[in-house]
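The values are calculated or read from the model by the stated rules, or taken from the named source; none is laboratory data. Every value quoted in this text rests on a predicted model; they were computed, and no experiment measured them. Don't worry about glycine lacking a Cβ; one is built from the backbone with ideal geometry, like all the others, and counts go over all protein chains shown.
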Amino acid sequence: MFEVSKKIMSVVKVSAPGKIILTGEHSVVYGYPAILASVDKRLSVQIQKSTKSLTVAPAFAHGFVKKGMRIFEKAVDGKINRNLRVKFESNILIGRGMGSSAATSVSLAAALLKYFRNEWNLKEINSVAYEMEKLHHGNPSGGDNTTSTYGGFLWFRKESEKFKIFSEINIKKKIPRLFLVDSGKPKETTKDMVFFVKDLYKKNPKKIEKILCELGDITNLFLKYLLKEERVSFPGLLRENEHMLEKLGVVSSSTKKVIRKIEDIGGSAKISGAGGKTGASGVIIAYHSNPVRLKSLAKNLGLNIFGLKLGKGGVKLE
Ligand code: PMV
């Protein structure tokens, strides 16, 4: 055991992006690939020496930071001085599948590594962040934290707990302009939803495996679209993907109604992330050839809608 080196810098500020899952939520937990993209919404954390013991703003993040510090100490095999002021700021929607928790884990891991070790190594940041993500989600695939660390468009696959592979996708075909419609914060957490699917799988492995396998096929088609290797309809893939997620049971009836309305006006949409069953299902990725129609539909439904820039940079020092 050794004392981690004394403070290297007086203040460290790091930011990391949120993400969307273009395709592959849930099936990624069972070894199928997923395609994720970082977004232009970020979370930052600032760490500063303090004369008092640990203070965290906002206060609800205190417990996570404390546990995160223990994970960090384990990773670097040393003890750290906890007389710190830790401050988070974010414009990522919380608890709606936009990767807010991953951005929190990634930025905290990166800031601690920089502050105490003067290190900046994406592989190390991602690996510490993955351990922190387990605090939020139990048994995450690791796709969210990897996307928040590296940014861009990622093809990601978890073969096993210790073996995950990913590759940046060098996009050859432009993705149509997408929007996010906020259906609201689900009552269930990501952990609940992953457990729900696990339970379904246990009860009916054949049926669920078939759905997961079809989701895997859709992900492969998305990849072929992005690489311009096959002519496929992007809105068609979004729609098919959504219908398989509905079959899986991770989209609530109120969210399905919103998505049917988007389809009725000629658009297509899918949830992004773990979803939700009884209330809302988080953000919906939506496309329409005429965005004005999408915006006025969202307005009529009283839902927030915002534009998205995908593939923005990963974790960085501010
Ligand atoms: O809801 P989110 O953004 O945390 O995404 C969860 C995606 C799942 O595939 C359901 C779980 C995971 O760990 O990949």
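What number of residues within segment 246-265 satisfy the criterion of being small (Gly, Ala, Ser), out of contact with any Pro (no Cβ under 9 Å at 6 or more places or on another chain) and touching a residue at least 24 places away in the same chain (Cβ under 8 Å)?
Keep residues of segment 246-265 that are small (Gly, Ala, Ser), which gives 249, 252-254.
Restricting the remaining residues to those that are out of contact with any Pro (no Cβ under 9 Å at 6 or more places or on another chain) gives 249, 253-254.
Narrowing the set further to residues that are touching a residue at least 24 places away in the same chain (Cβ under 8 Å) leaves 249, 254.
The total comes to 2.
Of the residues that sit in segment 74-90 and are modelled with pLDDT of 95 or more and of a type outside the set (Lys, Arg), which one is nearest to Ile305 (Cα to Cα)?
Applying the filter and picking the extreme gives Ser90.
Name the pairs whose Cβ atoms lie under 7 Å apart, with the first residue in segment 88-114 and within 23 Å of Ala274 (Cα to Cα), the second of a type in the set (Asp, Glu) and crowded, with 21+ Cβ neighbours inside 10 Å, and 6 or more positions between them or separate chains?
Final answer for the pair search is Gly99/Asp144; Ser101/Glu133; Ala102/Glu133; Ala102/Asp144; Ser105/Glu133.
Report whether or not Asn118 is without any contact (Cβ under 8 Å) to a residue 60 or more places away in the chain and either in contact with a Leu (Cβ under 7 Å, 6 or more places away or on another chain) or more than 11 Å from the ligand (Cβ to nearest atom) (or both).
Numbers: without any contact (Cβ under 8 Å) to a residue 60 or more places away in the chain: no; either in contact with a Leu (Cβ under 7 Å, 6 or more places away or on another chain) or more than 11 Å from the ligand (Cβ to nearest atom) (or both): yes.
For Asn118, the condition - without any contact (Cβ under 8 Å) to a residue 60 or more places away in the chain and either in contact with a Leu (Cβ under 7 Å, 6 or more places away or on another chain) or more than 11 Å from the ligand (Cβ to nearest atom) (or both) - is not met.
Which one of these is within 17 Å of the chain's Cα centre (by Cα), within 16 Å of the ligand (Cβ to nearest atom), modelled with pLDDT of 95 or more and among the acidic types (Asp, Glu): Asp199, Asp144?
Asp144
So how many residues does segment 113-141 have that are of a type in the set (Asp, Glu) and assigned to a loop (DSSP other than H, G, I, E, B)?
Keep residues of segment 113-141 that are of a type in the set (Asp, Glu), which gives 119, 124, 131, 133.
Okay, now just the ones that are also assigned to a loop (DSSP other than H, G, I, E, B), so 119.
Within segment 113-141, residues that are of a type in the set (Asp, Glu) and assigned to a loop (DSSP other than H, G, I, E, B) number 1.
Among the basic types (Lys, Arg), under 25 Å from Ala102 (Cβ atoms) and in contact with a strand residue (DSSP E or B) (Cβ under 6 Å, 6 or more places away or on another chain) - does that describe any residue in segment 238-248? Quick ask: steps written out before the conclusion?
Filtering segment 238-248 down to residues among the basic types (Lys, Arg) leaves 239, 247.
Keeping just the survivors that are under 25 Å from Ala102 (Cβ atoms) gives none.
No: segment 238-248 contains no residue that is among the basic types (Lys, Arg), under 25 Å from Ala102 (Cβ atoms) and in contact with a strand residue (DSSP E or B) (Cβ under 6 Å, 6 or more places away or on another chain).
Condition (residue is within 16 Å of the ligand (Cβ to nearest atom), within 16 Å of the chain's Cα centre (by Cα), among the charged types (D, E, K, R) and closer than 21 Å to Phe166 by Cβ) applied to segment 95-113: is it met by at least one residue?
No, there is no match, as no residue in segment 95-113 is within 16 Å of the ligand (Cβ to nearest atom), within 16 Å of the chain's Cα centre (by Cα), among the charged types (D, E, K, R) and closer than 21 Å to Phe166 by Cβ.
Can you pull out every residue in segment 277-286 that is on the phi < 0 side of the Ramachandran plot and either crowded, with 17+ Cβ neighbours inside 10 Å or part of a helix (DSSP H, G or I) (or both)? Talk me through it step by step, then tell me what you get.
Narrowing segment 277-286 to residues on the phi < 0 side of the Ramachandran plot: 277-281, 283-286.
Listed by number, the residues that qualify are Lys277, Ala280, Ser281, Val283, Ile284, Ile285, Ala286.
Please give the number of the condition Ser289 fails out of (1) at pLDDT 95 or above; (2) of a type in the set (S, T, N, Q); (3) under 22 Å from the mean Cα position of the chain (by Cα); (4) in a loop (DSSP other than H, G, I, E, B).
Of the numbered conditions (1) at pLDDT 95 or above; (2) of a type in the set (S, T, N, Q); (3) under 22 Å from the mean Cα position of the chain (by Cα); (4) in a loop (DSSP other than H, G, I, E, B), the odd one out for Ser289 is (3).
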